[in-house]
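Each remark here refers to the structure printed beneath this line.
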Amino acid sequence: EWALGCVAPVLPSHFVEVVGEEASRHSQLVCHVRSERSVAAIKVLVALFKKKPMEMMPALPRAVEVVLRTLDPSHPLVRQAVMQHTTAALKEIVRKFPMAAFHQDTQRFAVGTVDALIVIYDLRTASKWRVLEGHEGAISTVAFDAGGHRLASFSCDEGRVRYWEAGTSGPFGLFGSKVGRCVQQFTVPQSHVPKIAKGSLESLSFRLVFTPNAIVLTRDSVPLCEFSIS
């Protein structure tokens, strides 16, 4: 554990790749062995995200894919065996990182990246469902609306909140457009967007909250500004 704690923050992307291979390369093993290895890999990732959130944050999107890979519906017995641990891991990621969001009813999981993209996954198929493009800076926070078909995002680097129509059609690449549509965007007053040092825990302080007719941007649970949506 000490060794993992030393190596992972230095090479987070490489570390996540190795853990991902460990979680998924045992397709030829019997179900209970593969399940045990997958659960162990998930637990390692979650433990490191809890202890070293800022160091591991660049690898967050890849880590989400690693966790979701264990839910591959083509391996139903493994999926059933790891479901509880995978769900707990995704909920912990959402709790720790505001740039991740989960919608229970639609079983969709969204994660914002440092490359200004938002990727939405369908947990039922363990696959990409939509990609949202348009921000010009790293994603600070995302949130689903009550129905799970629209999503709000904020980039502190860009100073904008965007409101997206993710769509209601089929999985990624099968039906309709795979790219969601930005239906509204809002500029956040500069006084509410302080410069935050790279690697600072302050970058995790923003959240978005939906009300029936508005999106509220908060920082440390304190409302900063509200934007009307249609």
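The values are calculated or read from the model by the stated rules, or taken from the named source; none is laboratory data. Quantities reported herein were computed from a predicted structural model and do not represent experimental measurements. Backbone-built Cβ (ideal geometry, glycine too); neighbour counts: all protein chains shown. For the accessible areas, the whole protein counts, side chains as well, though only heavy atoms, and no ligand, DNA or RNA atoms are used. Shrake-Rupley method; radii C 1.70, N 1.55, O 1.52, S 1.80 Å.
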TODO: Would you mind calculating the gained length between A40 and L117 on full extension (0.36 nm times residue separation, minus the Cα-Cα distance), in nm to one decimal?
DONE: 24.8 nm
TODO: Pairs to check: K96/K128; K128/K195; K52/K128; K91/K195; K50/K91. Give those whose C-alpha atoms are more than 24 Å from each other in this structure.
DONE: K128/K195; K52/K128; K91/K195
TODO: Would you work out what percent of the accessible area of the range 99-166, with all protein chains in place, is carbon or sulfur (probe 1.4 Å)?
DONE: 42
Task: Efficiency of FRET from Cβ geometry, E136 and R181, R₀ 22 Å, rounded to 0.05 - done: 0.80
Open item on the list: Please compute the per residue accessible area over the range 92-156 with all protein chains in place, 1.4 Å probe, rounded to a whole number of Å².
Closed with: 33
TODO: First check a/c for the range 45-149, with a ≥ b ≥ c the square roots of the eigenvalues of its C-alpha gyration tensor; if it is under 1.5, answer rounded, and if not, answer prolate when a/b is larger than b/c or oblate otherwise.
DONE: oblate
